Amino acid sequence: MTQDLLLNITNLTKEYEHRGKIIPVLKKLELQVKKGEMCAIVGASGVGKSTFLNVVGTLDAPTRGEIRVNGEDITRLSAHKLSHFRNRTIGFVFQFHYLLPEFTALENVMMPGMIQRNDKAALRREAEEMLEEVGLSHRLTHKPGELSGGEQQRVALARALVMRPPLLLADEPTGNLDGKTAAGIHDLFFEMNKKYNTSMLMVTHNVELAKRMPRTLELKEGKVFDVSGSDIL
Ligand SMILES: Nc1ncnc2c1ncn2[C@@H]1O[C@H](COP(=O)(O)OP(=O)(O)OP(=O)(O)O)[C@@H](O)[C@H]1O
Ligand SMILES: [Mg+2]
């Protein structure tokens, strides 16, 4: 059982401090996610969904608690080890793509590998393959400003997955796209999950996507509740 586990979160608490006042957001949250498991995260605006992803993704530190990835407590890693861990283990897709505007689609997808100083020719091949997977082989030399919104999100997905991370975190990844384009990107998530067994935590207000996900979690009062199959959606 524990070998199937990718993520084991216990007692996770996150508080912000704002002008001397404590704002509690996550309150002793517990969650276990298996390897290859796909979870939608739903919940009211301001409840802490983005905070949760940022903390799990090590972009922000928890106030208390443990986040174990493959058994290792990542809240105890040094800053140097943490950036290495993040680069290898976690892929991010946000509502806005955050691609680097001065670089082409291909260069943007090569970027995570460049940070690891991999062999450049191999990296280029992998990035090209990844862009082909997301249907963009004909847009390799386009810069983000020369791509449509859906294409930009495909590049962001290719960049998130090029290192083959075991965990993909996505915060409203299709919130800006029309229904048809969004559905195309959702298909890609499922394809990638099948192909690479990537676990996914996906914050979404998109009912169609939440319904398609095998597991749905609701964030409420600082904790997550499994609401899979309930009529909350
Ligand atoms: N850096 C910060 N400092 C203080 N308070 C913050 C900070 N970031 C977020 N908050 C507060 O924490 C709460 C949770 O914010 P968060 O962005 O995680 O919500 P969310 O569930 O993602 O909402 P939405 O669905 O609108 O994106 C909010 O009440 C917000 O005002
Ligand atoms: Mg949010």
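Mind listing which GluC sites (Glu not before Pro) in region 71-163 are in a DSSP loop and have 16 or fewer other Cβ atoms within 10 Å? Kindly include the intermediate steps, with their values, before the conclusion.
Working: sites: E72, E102, E107, E126, E128, E129, E132, E133, E146, E151; in loops: E102.
Here the sparse-neighbourhood loop sites are E102.
I want the antiparallel fraction of DSSP beta bridges within the chain, as a percent rounded to 5. Present the calculation step by step, with values, prior to reporting the outcome.
On the way: 21 of 38 bridges.
Looking only at bridges with both residues in the chain, the antiparallel portion is about 55 percent.
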Select from region 82-131 those trypsin sites (Lys or Arg not before Pro) which occupy a DSSP coil region and have at most 11 other Cβ atoms within 10 Å, ordered by residue number. R117
Pairing the Cα long axis of helix 105-115 with the longest principal axis of the chain, what angle in degrees results, from 0 to 90 and rounded to the nearest 10? 60 degrees
Value of [θ]222 nm, deg cm²/dmol, for the chain, DSSP H segments ≥ 4, -39500 (n - 2.57) each, nearest 500: -10500 deg cm²/dmol
What is the diffusion coefficient of region 1-61 in µm²/s, taking the Kirkwood radius over Cα pairs and the Stokes-Einstein relation at 37 °C with a viscosity of 0.692 mPa s? 253 µm²/s
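Using Cα pairs under 8 angstrom and six or more residues apart, how large is the relative contact order of the chain, in percent? Could the numbers behind the result be given before it?
Numbers: 434 pairs, mean separation 66.5, N = 233.
Result for the chain is 29 percent.
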Calculated on alpha-carbon atoms, Rg and Dmax of the chain in Å: 17.6, 52
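For region 39-105, what class follows from the C-alpha gyration tensor (a ≥ b ≥ c being the square roots of its eigenvalues): rounded when a/c is under 1.5, otherwise prolate if a/b is larger than b/c, else oblate?
Numbers: a/c = 2.11, a/b = 1.13, b/c = 1.86.
Verdict is oblate for region 39-105.
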Distance between Cα centroids, region 87-116 to region 1-78: provide it in whole Å. 23 Å
Once you place label points 7 Å from the Cα toward the Cβ at K220 and R164, how far apart are they in nm? 4.0 nm
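Decide, for region 145-214, between rounded, prolate and oblate: order the square roots of the alpha carbon gyration tensor eigenvalues as a ≥ b ≥ c, take rounded if a/c falls under 1.5, and otherwise choose prolate if a/b is larger than b/c, else oblate. Spell out each step's value before the answer.
On the way: a/c = 1.82, a/b = 1.11, b/c = 1.63.
Oblate, because a/c is 1.5 or more while a/b does not exceed b/c.
Indicate the gyration tensor shape class of region 79-129 (rounded, prolate or oblate), computed on the Cα atoms with a ≥ b ≥ c the square roots of the eigenvalues: a/c under 1.5 is rounded; otherwise a/b larger than b/c is prolate and the rest oblate.
Values: a/c = 1.95, a/b = 1.11, b/c = 1.76.
Oblate.
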Rounded to the nearest Å, what's the spacing between the alpha carbon centres of region 119-176 and region 178-233? Just the number, please. 20 Å
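Structure shown: which of K120/K180; K120/K195; K49/K143 lie over 28 Å apart, alpha-carbon to alpha-carbon? If you can, show how the numbers build up before the last one.
Numbers: K120/K180 36 Å; K120/K195 24 Å; K49/K143 30 Å.
Cα-Cα > 28 Å for K120/K180; K49/K143; rest within.
Laboratory data are not the source of any read-out in this text; all were calculated from the coordinates shown. Source: prediction; values computed, not measured. Here Cβ is always computed from backbone atoms with ideal geometry, including for glycine, and neighbour counts include all displayed protein chains.
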